[in-house]
Amino acid sequence: MSDKSPLFISALELLAHSTELFAQKNPKRYKFIILHLANAVELILKDCIIDQGISIYEEKSSRTINIWKSFSALESENILIPERPILELLIDDRNTIQHRFGYPNAESVYYYLDEVIAFFKRFLDENYGIQLVETLEDHLTEELLQLLGLVKDEEEQLDKLFELSPKSALVTAYSQVEKLALELIFPSPDPAMQRYPRVMLWRLPEFQKLMKYLEQNGFLPKGGIKRFETLRDMRNHSAHSTNSIITKKDSQAALEIAKEFIVALQKAKSSGYTVSKENDKE
């Protein structure tokens, strides 16, 4: 597949511009980020359709097909889009902004930016054989690539995001902790979707075992469960409450807890540990 086509280049330019706009911390520009992200998704899907030898135009029309027909066209070629529910929500919010002049907040904007980046990383790797970071290096500075998590320095990424939006940083940090924990609890996700089951992590007995292992091996200090509850509580306030007052100091403290968990879980992963292996020993 070609990464030189006009549609491909335009999609990446929109993705890069979305990142630049988010870094400006100007709420008046947030709606344009949503517009750019939605258009970037539509363009990359249509570019992939063309690569399958399929026309992107409606029959006997100069209009191109919409995103739902794009999904169907790719599915007919066995190119599945597991991110489809999120992308459809993005398109719906884009349409709302276009027709009702909505103004999204920083947290929802970063949510979409993060999800679209994850989609592009997988989609380009599987269908174009290229890495997203390689395609964006010509468009974005190293600092902005770090903001997107496209370099292997999670702490620096979270710190930069915290400067732009403490709430977004907390939500992102918690998601990273949850993902790492699930990788150790469920080392073999559904291969068809490459996703982990949607569970309440803290209620799993396997999670209790994981916390015990981290403490016993010195990856976490004692009291890991309580610290995780503090992090989860702060994350929930950040993600779901618009009226609660969360100080920057409290947010920073919660972010440090998240970093602590990320480092501990990465060490456990590097050691080859999984909860299933522990269960086999019992």
Subject >> Odd one out for residue 111, checked against (1) open to solvent by 80 Å² or more (accessible area, probe 1.4 Å); (2) under 30 Å from residue 238 (Cβ atoms); (3) over 17 Å from the mean Cα position of the chain (by Cα); (4) not basic (Lys, Arg) >> reply: (3)
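Listed here are the residues, each with its yes/no results for (1) at pLDDT 90 or above; (2) part of a helix (DSSP H, G or I); (3) open to solvent by 50 Å² or more (accessible area, probe 1.4 Å).
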residue	(1), (2), (3)
188	no, no, yes
193	no, no, yes
239	no, yes, no
243	no, no, yes
266	no, yes, yes
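Could you tell me whether any residue of segment 212-226 is among the hydrophobic types (A, V, I, L, M, F, W, C), touching a Pro at 6+ places or on another chain (Cβ under 8 Å), modelled with pLDDT of 80 or more and part of a helix (DSSP H, G or I)?
Restricting attention to segment 212-226, the residues satisfying the condition of being among the hydrophobic types (A, V, I, L, M, F, W, C) are 214, 219-220, 225.
Filter once more, keeping what is touching a Pro at 6+ places or on another chain (Cβ under 8 Å): none.
Looking for residues that are among the hydrophobic types (A, V, I, L, M, F, W, C), touching a Pro at 6+ places or on another chain (Cβ under 8 Å), modelled with pLDDT of 80 or more and part of a helix (DSSP H, G or I), one finds none in segment 212-226, hence no.
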**OP:** Might you check whether a residue that is among the basic types (Lys, Arg), closer than 26 Å to residue 144 by Cβ and modelled with pLDDT of 90 or more occurs anywhere in segment 53-69?
**Re:** no
Original post:
Can you name the residue in segment 49-97 that is closer than 19 Å to residue 120 by Cα and of a type in the set (Phe, Trp, Tyr) and, of all such residues, is most open to solvent (accessible area, probe 1.4 Å)?
Top reply: 68
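Yes or no: residue 157 assigned to a helix (DSSP H, G or I), modelled with pLDDT under 85 and of a type in the set (S, T, N, Q)? Write out each step before concluding.
On the way: assigned to a helix (DSSP H, G or I): yes; modelled with pLDDT under 85: yes; of a type in the set (S, T, N, Q): yes.
Considered against the rule, which asks whether it is assigned to a helix (DSSP H, G or I), modelled with pLDDT under 85 and of a type in the set (S, T, N, Q), residue 157 comes out as yes.
When segment 43-69 is examined, which residues are found to be under 17 Å from residue 119 (Cα atoms) and in contact with a strand residue (DSSP E or B) (Cβ under 9 Å, 6 or more places away or on another chain)? Give the derivation first.
Our first condition is that a residue be under 17 Å from residue 119 (Cα atoms); within segment 43-69, this holds for 43-49, 67-68.
Answer for segment 43-69, where residues must be under 17 Å from residue 119 (Cα atoms) and in contact with a strand residue (DSSP E or B) (Cβ under 9 Å, 6 or more places away or on another chain): just 46.
The values are calculated or read from the model by the stated rules, or taken from the named source; none is laboratory data. Just so it is clear, the structure is predicted and the values come from calculations on it, not from any experiment. Cβ atoms come from the backbone with ideal geometry, glycine included; neighbour counts cover every protein chain shown. To get the accessible areas, we keep the full protein, side chains included, count just its heavy atoms, and leave off ligands, DNA and RNA. Shrake-Rupley method; radii C 1.70, N 1.55, O 1.52, S 1.80 Å.
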